[in-house]
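In what follows, a structure is listed as structure tokens, so that the remarks can point back to it.
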Amino acid sequence: MITKESKETLNYLESLIGKKPSFGDYLLAIRQGEGLSQVEFAKILGVSRQNLCDIEHNRRFVSPKMAVGFARKLGYSPRHFIRLCLQDLLNRDGIDLLVDIRKVA
């Protein structure tokens, strides 16, 4: 489930960039919001600067496992990062479905 805060954040990001944000768009916004260079941010995430650049520009997609790792390193909701990651994979393959992640009880 998307929290009210994360939904508001996604809506704001969408209004800024004029499209539904991808996982890469979201990472880019976080990095820029923190005022970090790609080198600094890549070091935090444990990836190369080039890999981060490819993710931010939607040339490379991450696995759900990697998305969870990024979320934990940055202190964000793993569910939210997984949702964005899976949505990117569906969009890339032309599958017209909306991802809805719910916690199993």
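Phi angles of the range 51-59 translate, via the Karplus equation with coefficients 6.51, -1.76, 1.60 and θ = phi - 60°, into HN-Hα couplings of 4, 4, 4, 5, 5, 4, 9, 6, 9 Hz per residue; Gly and Pro are given as x.
Along the charge dipole of the chain, which of 67, 98, 53 sits closest to the positive end, that is, farthest toward it, with unit charges on the beta carbon of Lys, Arg, Asp and Glu (+1, +1, -1, -1)? Among 67, 98, 53, the one farthest towards the positive end of the dipole of the chain is 67. Stretching the chain fully between residue 37 and residue 72 yields a gain of 10.6 nm (0.36 nm per residue, less the alpha carbon separation). Averaging the sequence gap over all C-alpha pairs within less than 8 Å and six or more residues apart, then dividing by the number of residues, gives the chain a relative contact order of 27 percent.
From its DSSP helices (H runs of at least four residues, each -39,500 (n - 2.57)), the chain gives a residue-normalised ellipticity at 222 nm of -20000 deg cm²/dmol.
Could you tell me how many degrees, from 0 to 90 and to the nearest 10, lie between the Cα long axis of helix 64-74 and the main elongation axis, the longest principal axis, of the Cα atoms of the chain? So the inclination is approximately 60 degrees. When a/c is below 1.5 the answer is rounded, else prolate if a/b is larger than b/c, else oblate, so apply that to the range 21-70 with a ≥ b ≥ c taken from the square roots of the Cα gyration tensor eigenvalues. Rounded, because the longest to shortest axis ratio a/c is under 1.5.
Accessible surface for the range 23-105, divided over its residues, is 60 Å² per residue with a 1.4 Å probe.
Given charges of +1 on the Cβ of Lys and Arg and -1 on the Cβ of Asp and Glu, with all other atoms neutral, how large is the dipole of the chain about its Cα centre, in debye to the nearest 20? Spell out each step's value before the answer.
On the way: 17 positive and 12 negative charges, 72 e Å.
My answer is approximately 340 debye.
Compared with the dominant Cα axis of the chain, that is its longest principal axis, helix 23-34 is turned about 50°.
Taking Rg/Rh (Cα atoms, Kirkwood Rh) straight from the coordinates, which label in [x] 0.96; [y] 0.99; [z] 0.94 is the correct one? From the options [x] 0.96; [y] 0.99; [z] 0.94, the structure gives [z].
The values are calculated or read from the model by the stated rules, or taken from the named source; none is laboratory data. None of these values were measured; they are calculated from a predicted model. No Cβ is skipped: glycine too gets one built from the backbone with ideal geometry, and neighbour counts run over all protein chains shown. We work out accessible area using only protein heavy atoms, side chains counted, and drop any ligands, DNA or RNA first. Shrake-Rupley method; radii C 1.70, N 1.55, O 1.52, S 1.80 Å.
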